[in-house]
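Participant: Pasting a structure below so you can have a look.
Read-outs: derived from the displayed coordinates by stated rules, not from any lab. Please read these numbers as outputs of a predicted model, since none were measured by experiment. Here the Cβ positions follow ideal geometry from the backbone for every residue, glycine too, while neighbour counts run over all protein chains shown.
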Amino acid sequence: MSRGDIGGMGYAADADTGLENASRLFVLDIPFAVSFKINDRLVIGGSLDAKWSGLNLDYLLGTNQLGSLAGDGRVSGSLLGLIGTLPDPRGVHLSVSQNKELASGVDGWGYSGRLGLLYKITPTTKLGISYMLKSHMNDLKGKGTVTAVDGLIGNVPIEGEVRVLDFNTPAKLDVGLSHQVTDKLLVAVDVSRVFWKDAWKDIKVGFSSDVGDVDLRLPQNAKDQTIVAIGASYAATPNLTVRAGYRQATQPFNDEGLLALVPGILRKHASLGFSYQVSKSGRFDAAYSHAFEQSMTNRSAYNTSSPVRSSMSQDNFILAYNYSF
C-alpha cells in the first residue's frame, strides 16, 4: 500500500515510497450495569459505560488528492504552504502508529450508556429491546509524523502532535423476539438500526508541530444501517445443542467515501455452532461464521489519489470451554 499515484521524476508512478497505508482500531467498553425485576414478566436495566479507543493510522495522500480536499475546504494549515515550497512535491504521509500488538498511536477516553428491557409475552415467547447511546469521546491524542514526499529530495519527516476529533461510536436500537416452538426447538429474530449518519460524517485529523500545522477532514457521509438476523437452536440430545443463523445488513458507507485503510462493512453472514455438555459443570462450545464477499470501488479524488477497489470476506472460528462452580 506504499505505492501510489505520485509519479514523475524521482518517484515514478507506482514507485515505492516506503510509507504504508494501514489502520488498526481498539475499542474497550466497561459497563457499570444495573437491572430491576418489575414483575414476573418484565425486567428493565441500564448501564453507564466507560469507553476507551486506541487508533494506529498510516495514510499516504497524493498531491491531486490534497488539491481536491483543499478546494472543498477540507484541508488547511500552514504546512500546506511549506510543502508547496518543495521542488517536486508528490504527496503527504501521516503516521500515528506504534509497532506493538496492543499499543496505539493516539487514544482517549469517553462514555456512553444503554437502556433495555426483557418482556415475557407468553411462557414461550420473549421480547427484548435495547438502546445504546452514541458515545461521547474526548479527542484521541498522541505523537505522530507528517512526511512530505518529494520527487527530487525524497521524504521530509516532521514530528509533532496528532489529534483525532469526534471519533464516536453510533447509537444503536435493537429489537429481538424469541419463541420456544417445542421443548427442543427455539427460533429468534432480531432487527437493529445503527445510526451511523449522526456519528460518521467526516474523519477529522489535526497535526501541530514547531514547523507548522494542518487540519484534515476526510468525508464519510455514512448512512443509517438496518440489520436483520434470524437464528434457531435445537436440542438434539440432552447433552448436545446445535445452532444456525443468518444475518443481513445494509451498507452504511458510500463507494465515494471508501478509504483503503477503512474498508466497507460486510453485509451478509451465515453461522453454525454447537454446545456439548461434557459434565454437570463443564460445557464445550464451538462456532463458525462466514461473511460473504463484499466489494466497493472509490473513484473520487477526496479519499484516494487513484481509484481504489476493496473486496473482502471473512471466516471466524470460536472454540470455548466453560466450567461452572
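Participant: Please give the residues of the stretch 112-148, grouped as numeric ranges, whose backbone N is less than 18 Å from a label point set 7 Å along the Cα-to-Cβ vector of residue 100.
Facilitator: It comes to 141-145, nothing else.
Participant: Right, another one. Taking the Cα centre of the chain as the origin and placing charges on Cβ (Lys, Arg +1; Asp, Glu -1), which of 144, 289, 56 is farthest toward the positive end of the dipole?
Facilitator: Going by the Cα projections, it comes out as 289.
Participant: Compute log10 of I(q)/I(0) for the stretch 154-198 with the Debye formula, placing one identical point scatterer on every Cα and leaving out solvent, at q = 0.15, 0.22, 0.29 Å⁻¹, to two decimals.
Facilitator: Values, matching the q order: -0.67, -0.86, -1.04.
Participant: Now, a different point. How much net charge surrounds residue 161 when only the other residues with a Cβ under 12 Å from the Cβ of residue 161 are counted, with Lys and Arg +1 and Asp and Glu -1? It would help to have the intermediate numbers written out before the result.
Facilitator: Working: positive: 141, 143, 163; negative: 139, 159, 210, 213.
Counting the neighbours of residue 161, the net charge comes to -1.
Participant: Strictly over 21 Å apart at the Cα level, which of 134/223; 37/120; 100/197; 172/201; 100/141 would you flag in this model? It would help to have the intermediate numbers written out before the result.
Facilitator: Numbers: 134/223 15 Å; 37/120 12 Å; 100/197 33 Å; 172/201 16 Å; 100/141 17 Å.
Distance filter (> 21 Å) returns 100/197.
Participant: What nm distance separates the two modelled labels at residue 221 and residue 125, each placed 7 Å from Cα along Cα→Cβ?
Facilitator: Reported label-point gap for residue 221 and residue 125 is 4.3 nm.
Participant: So if I restrict to the alpha-carbon atoms in the chain, what is the Rg, and what is Dmax, the biggest pairwise distance, in Å?
Facilitator: Gyration radius and largest Cα-Cα distance of the chain: 24.2, 77 Å.
Participant: Another question about this same structure. For residue 97, what charge total do you get from the other residues with a beta carbon under 11 Å from its beta carbon, if Lys and Arg give +1 and Asp and Glu give -1? Could you put the intermediate results ahead of the total?
Facilitator: Details: positive: 24, 100, 143; negative: 20, 58.
So the surrounding residues net to +1.
Participant: Does the stretch 174-260 classify as rounded, prolate or oblate by the C-alpha gyration tensor (a ≥ b ≥ c root eigenvalues; a/c under 1.5 gives rounded; else a/b over b/c gives prolate, otherwise oblate)? Present the calculation step by step, with values, prior to reporting the outcome.
Facilitator: Working: a/c = 4.36, a/b = 3.11, b/c = 1.40.
In terms of gyration-tensor shape, prolate.
Participant: Still on this structure, please answer the following. Residue 289: net charge of surrounding residues, Cβ under 10 Å, Lys/Arg +1, Asp/Glu -1, itself excluded?
Facilitator: Numbers: positive: 247; negative: 315.
Surrounding charge for residue 289 is 0.
Participant: Residue by residue, what Karplus-based ³J(HN,Hα) values in Hz, rounded to whole numbers, does the stretch 30-37 have, using 6.51, -1.76 and 1.60 with θ = phi - 60° and x for Gly and Pro?
Facilitator: Listing the rounded values in order: 10, x, 10, 10, 8, 9, 9, 8 Hz.
Participant: Please give the calculated 222 nm ellipticity per residue for the chain, where each DSSP H segment of at least 4 residues contributes -39500 (n - 2.57) and the sum is spread over every residue; nearest 500 deg cm²/dmol? Could the numbers behind the result be given before it?
Facilitator: Numbers: 3 runs with 20 residues, N = 325.
Dividing the helical sum by the residues of the chain leaves -1500 deg cm²/dmol.
Participant: Give the separation of the Cα centroids, the stretch 201-244 to the stretch 25-95, in Å.
Facilitator: Cα centroid of the stretch 201-244 versus Cα centroid of the stretch 25-95: 13 Å apart.
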